[in-house]
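The values are calculated or read from the model by the stated rules, or taken from the named source; none is laboratory data. Owing to the predicted nature of the structure, the values given are computational and were not obtained by experimental measurement. FYI the Cβ positions are ideal-geometry reconstructions off the backbone, even for glycines, and counts take in every protein chain you see. Ligands, DNA and RNA are stripped out before the accessible areas are found, and what is left, the full protein with its side chains, is counted by its heavy atoms. Shrake-Rupley method; radii C 1.70, N 1.55, O 1.52, S 1.80 Å.
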Amino acid sequence: MIHIVKSQTAIKEAIQYASSQDIILLVEDAVYAANTHHHAFEYLSNGKLAIYVLMPDVDARGLKSCIDDNVVKADFNDWVTLTEAHDTTLTWE
């Protein structure tokens, strides 16, 4: 399953429901959490889940140099590929 997380406030809840086979895709304002200095980064850094961040949203917020190296950087084509590879998506607002 792909958990598409759109807000910083939804990250903690999405992480609680995600299994080790799931992917977390941070989009919109949730991309701020991929910064190691962000308070929500602790939820993402447990190493049990694959964390992706949508780079067009990162670039739009000027965060390119702040994204943790362990977070997979994805573009829209990567998002399509992930969607094709997984049967289910769940969006967290």
ask   = How much solvent-accessible surface does ILE15 expose, in Å² to the nearest 10, with a 1.4 Å probe and all protein chains in place?
value = 30
remark   = Note: MET1 to SER19 extended length (0.36 nm per residue) minus current alpha-carbon separation gives 5.6 nm
FRET efficiency estimate (nearest 0.05) - Cβ-Cβ, THR89 to SER65, R0 30 angstrom = 0.55
request  = Of the listed values (i) 1.11; (ii) 0.92; (iii) 1.00, grab the one calculated as Rg/Rh (Cα atoms, Kirkwood Rh) from the structure here.
outcome  = (ii)
key: Inter-label distance, nm, simple model (7 Å from Cα along the C-beta direction), ASN77/HIS37   = 3.3
key: Accessible area per residue, Å², the chain with all protein chains present, probe 1.4 Å   = 57
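Tell me which chymotrypsin sites (Phe, Trp or Tyr not before Pro) from region 13-93 have a DSSP coil assignment and no more than 11 other beta carbons within 10 Å of their own. Don't jump to the answer; show the numbers that get you there.
Working: sites: TYR17, TYR32, PHE41, TYR43, TYR52, PHE76, TRP79, TRP92; in loops: none.
Answer in residue order: no site qualifies.
Roughly to the nearest percent, how much of the accessible area of the chain is carbon and sulfur, given a 1.4 Å probe? Can you show the working numbers first?
Numbers: 2500 of 5290 Å².
Carbon and sulfur: 47 percent of the exposed surface of the chain.
Keeping to pairs on different chains or 8 or more places apart, tell me how many lysine pairs in the chain have Cα atoms under 19 Å apart.
Values: LYS6/LYS64; LYS6/LYS73; LYS12/LYS48; LYS48/LYS73; LYS64/LYS73.
Value for the chain: 5.
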inquiry  = Within 14 Å, Cβ to Cβ, of TRP92, how many net charges do the neighbouring residues add up to if Lys/Arg are +1 and Asp/Glu are -1?
reply    = -3
